[in-house]
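In what follows, a structure is listed as structure tokens, so that the remarks can point back to it.
The values are calculated or read from the model by the stated rules, or taken from the named source; none is laboratory data. This is a predicted model, so every value here is computed, not measured. Because the Cβ atoms are built from the backbone with ideal geometry, glycine has one as well, and the counts that use them run over all protein chains shown. Ligands, DNA and RNA are excluded from the accessible area calculation, which covers all protein heavy atoms including side chains. Shrake-Rupley method; radii C 1.70, N 1.55, O 1.52, S 1.80 Å.
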Amino acid sequence: MSEKTTDISDLGEFGLIDQLTKNFELKNENSLVGVGDDAAVIQVSEDTVQLISTDMLVEGIHFNLMYMPLKHLGYKAVAVNVSDICAMNGIAQQITVSLAVSSRFPLEALEELYEGIHLACTNYGVDLVGGDTTSSTSGLVINVTVLGTAKKEDVVYRSGAKEYDLLVVTGDLGAAYMGLQVLEREKEVFKANPSIQPDLDGHDYIIERQLKPEARKDIIGYLKELEVKPTAMIDISDGLASEILHLCKASKVGCHVYDEKVPIDAKTSMTAIDFNLDPNTCALNGGEDYELLFTIDQKDFDKIKGNPHMTVIGHITNENDGIYYVDKNGSAITLKAQGWKHF
Ligand code: ADP
Ligand code: MG
């Protein structure tokens, strides 16, 4: 270790990754893309690539077993990985699952975890092909690696957005974050008085969005049917703002995003208002929606116009124009990412 010490919290997650990986060059001709996109891209034949991504969920950081049933955790651990393959316009095929687990978990608990993994494997059509199991001194850590496939010409990177493209988001945003707020509130109520039953009435949708997110594999199918190949794509794990910044940075473009266009479910808005939060802020900075954010050429607009799964929220501009969030009155503010700060 060198004598100089730098606090990793000053770097943030992405600064840390950049710093640690900056001296690595790809040596193998078949390593087409390494660090920096939703999945790595490895050429396996003239026209086919393999996609690889990995995600780790850590107890106390990414989930709290007080309200996260293990079955849901298993499902979510797979879904968030499949989501990264979707973000490359690919099809997930295999997963490996690695666990670090303490003896406080009985066999039955881990079987429940694997029931969720099994259900996700069934729903997404992926095969569990291996993993690793080790002990942990306290919490549970689950790491899933996913392998996928795509035709080389179909792969969509974060870096392909061009000026005048339209910025599109799938589904609705902010629900997973508001689901988490409700679960956290009920946890505090329960801690204060364990005899009070949690009051989750009317919050089914947002709680499901937090506990059982789905990868938008369906969107990959719709895009194919519509014959739309996005110019750039990323999945929304950390929050819309953070992902817009990643996409624009990778594509070297700017953009205008219109706050009134951002799709927010009425249940999300109502709960946000109950919590004294601005629904748009929740949609922008709340994470874990696992929707897809992509850009399309304007000539494809007619193909997605009116599609219930896709909403145009803005357009791409020149890099020098900056990245702006425009409110109803037309005033533009520079978009900043809050995202999740793990450190
Ligand atoms: P995502 O949110 O799509 O899962 P991340 O934000 O976790 O992606 O990671 C961004 C990129 O950095 C990805 O290409 C990922 O593979 C890479 N990456 C993350 N952590 C590390 C690490 N510790 N070492 C090398 N590459 C990493
Ligand atoms: Mg991703």
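Give a quick list of trypsin sites (Lys or Arg not before Pro) in region 134-180 that DSSP marks as loop, anything other than H, G, I, E or B, with at most 15 other Cβ atoms within 10 Å. Filter output for region 134-180: LYS162. Estimated at the nearest 10 Å², the accessible area of THR231 is 30 Å² with a 1.4 Å probe.
Summarising the strand pairing of region 1-109, around 75 percent of its internal DSSP beta bridges are antiparallel.
For region 58-71, the Karplus equation 6.51 cos²θ - 1.76 cosθ + 1.60, evaluated at θ = phi - 60°, returns couplings of 10, 4, x, 10, 9, 8, 10, 6, 5, 10, 9, x, 4, 5 Hz by residue, with Gly and Pro reported as x. Heavy-atom accessible surface of CYS121, to the nearest 10 Å², is about 20 Å², with a 1.4 Å probe and all protein chains retained.
Sites listed here are chymotrypsin sites (Phe, Trp or Tyr not before Pro) in region 195-287 whose DSSP assignment is loop and whose Cβ has at most 15 other Cβ atoms within 10 Å: PHE275. Dipole magnitude for the chain: about 220 debye, using +1 per Lys or Arg Cβ and -1 per Asp or Glu Cβ, origin at the Cα centre. Rolling a 1.4 Å probe over the protein chains gives MET66 an accessible area of about 100 Å².
Note on LYS336 and THR134: the extension gain reaches 68.8 nm, defined as 0.36 nm multiplied by sequence separation minus the Cα-Cα distance. DSSP beta bridges confined to the chain are antiparallel in about 75 percent of cases.
Rounded to the nearest 0.05, the FRET efficiency derived from the C-beta distance between LYS151 and PHE301 at R0 = 25 Å is 0.55. Loop-located trypsin sites (Lys or Arg not before Pro) across region 280-328 with a Cβ neighbour count of 10 or fewer within 10 Å are LYS305, LYS328, with loop assigned by DSSP. Shape analysis of region 8-154 places it in the oblate category; the axes a ≥ b ≥ c from the Cα gyration tensor give an a/c of at least 1.5, with a/b not above b/c. Taking every DSSP beta bridge with both residues inside region 251-343, roughly what % is antiparallel (nearest 5)? Within region 251-343, antiparallel bridges account for around 65 percent of the total.
Largest to smallest in accessible area, the residues THR6, THR268 fall in the order THR6, THR268 (1.4 Å probe, all protein chains included).
Taking 17 Å as the cut-off, the amide N atoms of region 298-324 that come nearer than this to a point 7 Å along the Cα-to-beta-carbon line of TYR205 belong to 308-311.
Note on exposure: MET56, MET88 ranked by accessible area (1.4 Å probe, complete protein assembly) read MET56, MET88, with the most exposed listed first.
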